[in-house]
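To keep things clear, I will list the structure first and then write my remarks on it.
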Amino acid sequence: MKPAGILSYGDPRLLIKSTEVTRIDQEMSDLVRGMFELLYRVPGIGIAAPQVGCNMRFFVFDMNRRADPGSRTPVTMINPVISAKEGAITQEEGCLSFPGIFVPVERALRIEIKGVDMEGKDLVLEGEGLFARLIQHEMDHLEGVLLSEHMTRWDKLRLQKEMRAIEKIGRKGKYVF
């Protein structure tokens, strides 16, 4: 399966809690490859499976997208679990399913995450700053939690027009990227 694009806010598929990956097969490998192709065409550093309409617990990311756009270090995290969190920081955060929308979101400053890679090998990663924010954001997607749930009443009020426009796209099942 090759993803057709990124689902936008308003699409009910984004609200579904994802199920565990039980098989890493050719179909999943093709999906992951397609997600990376999509990632390298959009202005983001990570995509969760639910954002492309797949209800499975995995996401892809490439932290080098920002530091060195010509360098690629793709990572696939399957059945991830955040095993440790430390500290807290509030910073602006965006989401490919909410194009053009940025709001302050409080996240843990440092995290450790465990899962498996595409070969089924254990993968343990830890980091802070943007990496920690990215992981927590993608984990939210796997739980059916959207950026809108982190918005304050004021954020929702000031972004009302933009949110309605994005939601209209999502309710039609169209893609934003």
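Quick note: the coordinates plus some simple rules give every number you see, no bench work behind them. Here the structure is a predicted model, which is why all the values come from computation and not from measurement. Because the Cβ atoms are built from the backbone with ideal geometry, glycine has one as well, and the counts that use them run over all protein chains shown.
Using the alpha carbons of the range 112-175, what is the convex hull volume per residue in cubic angstrom, as a whole number? Write out the running numbers ahead of the final one.
Numbers: hull volume 8.3 nm³, N = 64.
Per-residue hull volume (Cα only) is 130 Å³.
Here Leu7, Leu157, Leu109 are placed in order of increasing Cβ neighbour count within 10 Å, fewest first, which gives Leu157, Leu109, Leu7. According to the Cα-based calculation, Rg over Rh for the range 1-103 is 0.96, with Rh computed by the Kirkwood formula. In the elastic network of the chain, a GNM with C-alpha springs shorter than 10 Å, the most mobile of Leu146, Leu130, Leu15 is Leu130. In plain terms, if you count all Cα to Cα distances in the range 38-153 and split them into 10 Å steps from zero, the share in each step is 13, 47, 36, 4, 0 percent. The chymotrypsin sites (Phe, Trp or Tyr not before Pro) of the range 15-76 that meet both conditions, a loop assignment by DSSP and at most 15 other Cβ atoms within 10 Å of the site Cβ, are Tyr40.
Here's the picture: charge each Lys and Arg Cβ at +1 and each Asp and Glu Cβ at -1 in the chain, and of Ser18, Leu146, Ala67 the one pushed furthest to the positive end of that dipole is Leu146. Charging the Cβ of each Asp and Glu at -1 and of each Lys and Arg at +1, and nothing else, the dipole of the range 93-142 about its Cα centre rounds to 100 debye. Each stretch of four or more DSSP H residues adds -39500 (n - 2.57); spread over every residue of the chain, this sum gives -8000 deg cm²/dmol at 222 nm.
Please return the longest range in the chain lying between exposed loop sites, taking GluC sites (Glu not before Pro), DSSP loop only, at most 16 other beta-carbon atoms within 10 Å, and leaving the sites out.
For GluC sites (Glu not before Pro) (loop position, at most 16 other Cβ atoms within 10 Å), the longest site-free span of the chain is 21-118.
Reducing the range 29-74 and the range 5-27 to their Cα centroids gives an inter-centroid distance of 13 Å.
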